[in-house]
Every structure is written in C-alpha cells, then in structure tokens.
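These notes concern the structure reproduced below.
The values are calculated or read from the model by the stated rules, or taken from the named source; none is laboratory data. All figures in this text were calculated on a predicted structure; none of them were measured in a lab. Cβ placement follows ideal geometry from the backbone for every residue including glycine, while neighbour counts extend to all protein chains displayed.
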Amino acid sequence: MKVVLRTEVPSLGRRGDICDVADGYAQNYLIPRGLAMRATRGSARQADAMRRRRELADAAILGQAREMAERLAGCSIRVVARAGDAGRLYGSVNALSLAAAIAEQARVVLEPEMLEMPEPIKEIGTYVVPVKPHAEVAADVTVEVIAAP
C-alpha cells in the first residue's frame with residue numbers, strides 16, 4: 001500500500017514522502033496513529049506541499065545552526081569545579097553542565113546532545129570539545145577546567 005507520511009517515521013521516511021509499505025503496517029500502525037495517510041491521486045499535491053514546507057524549515061534550521069557555529073568558533077569556556085591536590089575532579093564536567101556553562105558565558109543555548117563528549121571530563125586542564133548543532137555544521141569550543149579556590 002502506498003502512503004504519504006505526515007511526520008518523520010524512523011527507518012521509513014520524512015514528512016511528505018510517498019512510501020510503499022505492507023498493508024497491515026499501514027492500516028494497523030501508521031494510519032491510526034496519524035503518522036501517514038493513504039496515497040491517492042490528490043495526495044501527491046499534498047505530499048509536494050509538505051516536502052516544500054519541510055525543505056524551507058530545514059533551510060531555516062541550517063541557517064540557525066551555521067550562525068550558532070560562527071558564534072562558538074574560537075570560543076573559550078571556563079568551568080570552575082572542585083578538585084583534589086592531584087588535579088582530579090571530585091565530580092565531573094558532563095555535557096549537561098558544559099551546555100549550561102556555554103549558555104551562561106557565550107550566550108548560545110545548546111542541547112547537551114550537540115556536544116560530542118564521549119566521556120565526562122574528570123581532570124583539570126584544557127580540552128577541545130566538538131559541537132555539532134546540525135549534521136552539516138560543526139565547531140570547536142575550548143573548555144578550560146580550573147580548580148575552585
């Protein structure tokens with residue numbers, strides 16, 4: 001059965017895409033939940049309109065991400081944390097606390113998922129953290145972790 005997606009469905013497609021799916025999947029899952037509608041001759045025009053709106057929204061989001069990356073490029077963030085004599089932090093600096101520090105110091109609001117930190121920072125020092133506000137946009141932020149007095 002051919003359906004027009006109303007929203008993004010993981011592993012199937014994005015809004016406005018016309019997909020060929022199993023009848024049961026369409027009738028029992030996609031259509032009752034409002035994720036898709038049955039494709040007809042008239043729905044092709046609706047699908048085109050949905051795709052155009054999606055592309056405009058994607059372009060706006062990409063523009064915002066580029067602006068965010070420009071503001072973050074070369075930015076240095078200072079995080080103060082409690083540490084022992086050996087320079088090891090009592091806690092850690094994770095993506096959530098780093099996003100809060102960036103919002104406070106650089107005036108750029110980021111989701112913690114945008115920070116590519118494989119593991120939390122656990123020692124005093126200077127680190128370079130990659131930021132990906134969009135799949136096509138990336139920037140690096142220098143993070144300086146210092147001991148609290």
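Here is how the numbers come out for the structure above:
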quantity	calculated
Ala49, sole failed condition from (1) over 17 Å from Val145 (Cβ atoms); (2) loosely packed, with under 12 Cβ neighbours inside 10 Å; (3) in contact (Cβ under 8 Å) with a residue 24 or more places away in the chain; (4) not assigned by TED's automatic domain parsing to the domain that holds Leu35	(4)
Matching residues, the range 119-140, being in a strand (DSSP E or B), of a type in the set (A, V, I, L, M) and either farther than 25 Å from Ala59 by Cβ or outside the structural domain of Ala81 (by TED's automatic domain parsing) (or both)	Ile121, Val128, Val129
Which numbered condition Ile121 fails, given (1) surrounded by fewer than 12 Cβ atoms within 10 Å (Cβ to Cβ); (2) over 30 Å from Asp17 (Cβ atoms); (3) hydrophobic (A, V, I, L, M, F, W, C)	(1)
Subset tally (residues that are at pLDDT below 90, exposed (fewer than 12 other Cβ atoms within 10 Å of the Cβ) and under 28 Å from the mean Cα position of the chain (by Cα)) for the range 11-46	1
Residue under evaluation Arg78, criteria (1) under 30 Å from Ala147 (Cβ atoms); (2) basic (Lys, Arg); (3) assigned to a loop (DSSP other than H, G, I, E, B), criterion not met	(3)
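So that you can scan it fast, the table gives a plain yes or no per residue for (1) closer than 14 Å to Val141 by Cα; (2) assigned to a loop (DSSP other than H, G, I, E, B); (3) modelled with pLDDT under 90; (4) of a type in the set (Ser, Thr, Tyr):
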residue	(1), (2), (3), (4)
Ala60	no, no, no, no
Gly63	no, no, no, no
Glu70	yes, no, no, no
Asp85	no, yes, yes, no
Leu89	no, no, no, no
Ala103	yes, no, no, no
Val109	yes, yes, no, no
Met117	yes, yes, no, no
